[in-house]
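The values are calculated or read from the model by the stated rules, or taken from the named source; none is laboratory data. What you see is a predicted model; the values in this text were computed from it and never measured. Don't worry about glycine lacking a Cβ; one is built from the backbone with ideal geometry, like all the others, and counts go over all protein chains shown. Accessible surface is based on the protein model in full, side chains and every heavy atom, while ligands, DNA and RNA are left aside. Shrake-Rupley method; radii C 1.70, N 1.55, O 1.52, S 1.80 Å.
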Amino acid sequence: MTDPEHPDAIRRTREVLAYRNRFVDVYDDEVAFPSGSAGRYLRIRHRAEGLGVVVLPVHGELVGLVRTYRYPLGRPQWGLPRGFAQDADPLVTARAELHEELGVPDAEFHLLGTMTPDSGLLAGAVAVVHATVPAPVPTGAPRDPDEVVETRWLPLPDLHHWITTGRLDDGMTLAALTVARAHGRLP
């Protein structure tokens, strides 16, 4: 049966849980395409209730970044602090992630909106949160050096250079920066 509102919808015929850990469920679902042919689709769903977050920490003209080894890429990558939901309130999760990854004990948080970081694979949205970090520039360290290997407060002109030269290529970070700019939170 087709959905009259979405005649091009791919319909799940059987949900197949392929893998589960404490963070995600990975499904290899059986589906029916609009043409009637059968197929499969991978889908990853976060296990925690609430939204994951990506946090844009700003202190004056500086943006806080973390360098994290990204196992699927096989290399470290600079990006904004981010993480899975730790609470139903995305601002609670943002506060925790900022403290865990950048060592910032507190900030003023504003929810800017949500985005779907990889709608071809991930079955959920992520909250984009702007964090105004008070003076002085925090010098805290990440809680888990196995997760975050380095932190940096980068001047905005350098941030733009990092993007145009490909040094900053994390898709979730680039999307969050775009949302923040659309809200007037970045020049």
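Brief remarks on what is shown
- Subset of region 20-32 [assigned to a strand (DSSP E or B) and open to solvent by less than 80 Å² (accessible area, probe 1.4 Å)]: V24, D25, V26, Y27, D28, D29, E30, V31, A32
- Filter pass, P145 being closer than 27 Å to R75 by Cβ and of a type outside the set (G, A, S): yes
- Spans of strands (runs of 3 or more DSSP E) in region 49-164 with at least 2 residues modelled with pLDDT of 95 or more, surrounded by 13 or more Cβ atoms within 10 Å (Cβ to Cβ) and touching a Lys or Arg at 6+ places or on another chain (Cβ under 8 Å): 52-59, 62-70, 75-79, 108-115, 126-132
- Within region 166-187, at least one residue is without any contact (Cβ under 8 Å) to a residue 60 or more places away in the chain, open to solvent by 70 Å² or more (accessible area, probe 1.4 Å), in contact with a Leu (Cβ under 7 Å, 6 or more places away or on another chain) and not small (G, A, S).
- Unique residue being free of Cβ contacts under 8 Å to residues at least 40 places away in the same chain and at negative phi when the list is A96, A127, A135: A96
- Annotation: S35 fulfils all but one of (1) surrounded by 13 or more Cβ atoms within 10 Å (Cβ to Cβ); (2) more than 13 Å from A123 (Cβ to Cβ); (3) free of Cβ contacts under 8 Å to residues at least 24 places away in the same chain; the unmet one is (1).
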